[in-house]
Amino acid sequence: MITDIGSIKDSDSRVLLKMWKATVPPGERPLFRHSHIMFEITYVVSGDGIYTVGKTTHRITSGEIFVFSSNEQHCITAVGENGLEIINLHFEPRYLWGRRHDSLTDRNFNFCFSHSPDFNNCIPKAEAKEISELFEKIKSELEHKETEYALLVKSCLNSIIVRLIREFGYSADTAELNRDRLKSIRRTIQYIDTHLSEHFTLSSLSEIAGMSPNYYSTLFHSVSGITLWDYINSRRIESAIRLLSEEKSRTVLDIATQCGYNNTANFNKAFKKITGLTPSEYRLSGNIIY
């Protein structure tokens, strides 16, 4: 069972950050190697189970914090006899893109998209006190929505990010990139996110970025950790997942078309690659992935 806690949206009503509570019943669960562009932080309220992350498994216990970078495959594959209750926080990478003096430095330009190989996703309860308190503050602000709550949520999230970098060795060792080039990549990402139903070409996107197609493709991969086309497909499937869940009367073909696919065969193939299920199976599963 999933219960929404709250969200923050941009001026076009697109979700930048959202939080919800999930109650998962006991038992073994199928492995759906899903991923998404949203950065994810999970707080384990109660219960126990198993997280499968890539080829690694982590024991889940109450009080722990789990952190998953964008496009990092993960799935809860087992839940103990008392069930499992978790609170998930998702936020868009662009939610962190601020002005130069109040955003991550160029050294951490790809914070959301990758992390150090030494970071193992789990922060034990004994080390998670400060992050847990900030997480609870975000939850309270999203629930009560008092004056300037969005500003305080952003402040708490920034504090969590700094702690991940300073105290838990989250960030990968990367070289700084030219800020103008980073801004060009971010500009095209924002364009993709707001034009998902349109036909994209490498030439058209590299033109928006002001780069040659080959250089743009290479730079996009170095910034995001995934290829341009994997990013586009991930974005489109995330949009499709929301529509399949919220607009159950619409046909799969209608949703495929709105999300930029011109036929159900291509849509089904892309959807299954990212979620492990076809769109129809996802609808019947009762949103089992999330």
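Throughout, read-outs are computed from the coordinates displayed, never taken from laboratory work. What you are looking at is a predicted structure, and each value in this text was computed from that prediction instead of being measured. Ideal geometry is used to build each Cβ from the backbone, glycine not excepted, and the neighbour counts take in all protein chains shown.
Couple of notes before you dig in:
- Taking D193, D12 and counting other C-beta atoms within 10 Å, the order from fewest to most: D12, D193
- For segment 231-285, size of Cβ-based charge dipole, Lys and Arg +1, Asp and Glu -1, in debye: 140 debye
- Here the Gaussian network model covers the chain, with springs between Cα atoms less than 10 Å apart; of T42, T201, T23, T201 fluctuates the most.
- Rg ratio (alpha-carbon, reference 2.2 N^0.38 Å) - segment 231-285: 0.95
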